[in-house]
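Below: the structure, in structure tokens.
The values are calculated or read from the model by the stated rules, or taken from the named source; none is laboratory data. Keep in mind the model is a prediction, meaning the values are calculated, not measured. Here the Cβ is made from the backbone with ideal geometry for all residues, glycine too, and neighbour counts use every protein chain on show.
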Amino acid sequence: MKIVSVNVGLPREVVWKGITVLTAIFKDPVAGMVAIRQLNVAGDQQADITVHGGTQKAVYAYPVEHYEYWRRQLPSAVLSWGAFGENLTTEGLGEDKLCIGDLFRVGSAILQVTQPRMPCYKLELRFNRDDMIKRFLASGRSGFYLSVLEAGDVGAESRIKLLNRDPEGVTISDILRLYLGQTRDPELLLRATNIGSLPENWRTQLLLRAQNSV
């Protein structure tokens, strides 16, 4: 497991459907070692910190393995590393195996998996497609957010080492299926809501969705 690319970007103004929007979804690869800090990657910022960033969404990672799928789905799109707004383009980590709460050493930093990515309209802005949120969710290729337990440095080709597997064993894919109503497994829901590193808003949403589906 390794880092393929480290990508950063600063907020910029973009006109979307006649409205000027401030967004930092546009990321570009950077060379050399880059510092990962408690709230972000050095050189990177979030445009709207009310919904992006924070300690539980300090770093966004996206598997390099998904790029071939999206190249088939979006043949006219330019898909360089960072195209999905990720800070880390990773190799060897998949949503169907990666669990909420898993702990990794990435370069010299220690990071913990906290949640899947729920896309907002800025993903549609990024690709200039009104169907991008629907496509993204349907694909199951969400990527994942990480919190920073120990700051450090990371660069392309940095190794990723699993330090601890969360005992509940709830994958990113499991969380997405619960959230999207694709499963109503009560035992899985119980395990999901027992994960200490799962943000409170996710636990609340999962419980509400389970109640509404009864």
Residue count, region 2-23 (criterion: touching a residue at least 60 places away in the same chain (Cβ under 8 Å) and either out of contact with any Leu (no Cβ under 7 Å at 6 or more places or on another chain) or in a loop (DSSP other than H, G, I, E, B) (or both)) | 6
Only one of 80, 76 is at negative phi, free of Cβ contacts under 8 Å to residues at least 40 places away in the same chain and either outside any strand (DSSP E or B) or touching a helix residue (DSSP H, G or I) at 6+ places or on another chain (Cβ under 7 Å) (or both); which?
-> 76
Based on what the data block shows, is residue 159 at pLDDT 95 or above, within 18 Å of the chain's Cα centre (by Cα) and of a type in the set (Lys, Arg)?
-> no
Which pairs do you get when a residue that is free of Cβ contacts under 8 Å to residues at least 24 places away in the same chain, found in region 197-213, comes within reach of a residue that is polar (S, T, N, Q) and assigned to a helix (DSSP H, G or I), reach meaning Cβ atoms under 9 angstrom, with the pair 6+ apart or on two chains?
-> 203/193; 207/193
Qualifying position, being basic (Lys, Arg) and in contact with a Lys or Arg (Cβ under 6 Å, 6 or more places away or on another chain), among 159, 184, 141 = 159
Go through region 92-125 and give me each residue that's hydrophobic (A, V, I, L, M, F, W, C), in a strand (DSSP E or B) and either more than 25 Å from residue 201 (Cα to Cα) or under 14 Å from the mean Cα position of the chain (by Cα) (or both).
-> 99, 106, 109, 111, 113
With respect to residue 174, determine if the residue is in contact (Cβ under 8 Å) with a residue 12 or more places away in the chain and among the acidic types (Asp, Glu).
-> yes
Only unsatisfied item for residue 89, checking (1) closer than 18 Å to residue 56 by Cβ; (2) among the hydroxyl-bearing types (Ser, Thr, Tyr); (3) part of a strand (DSSP E or B), is (1)
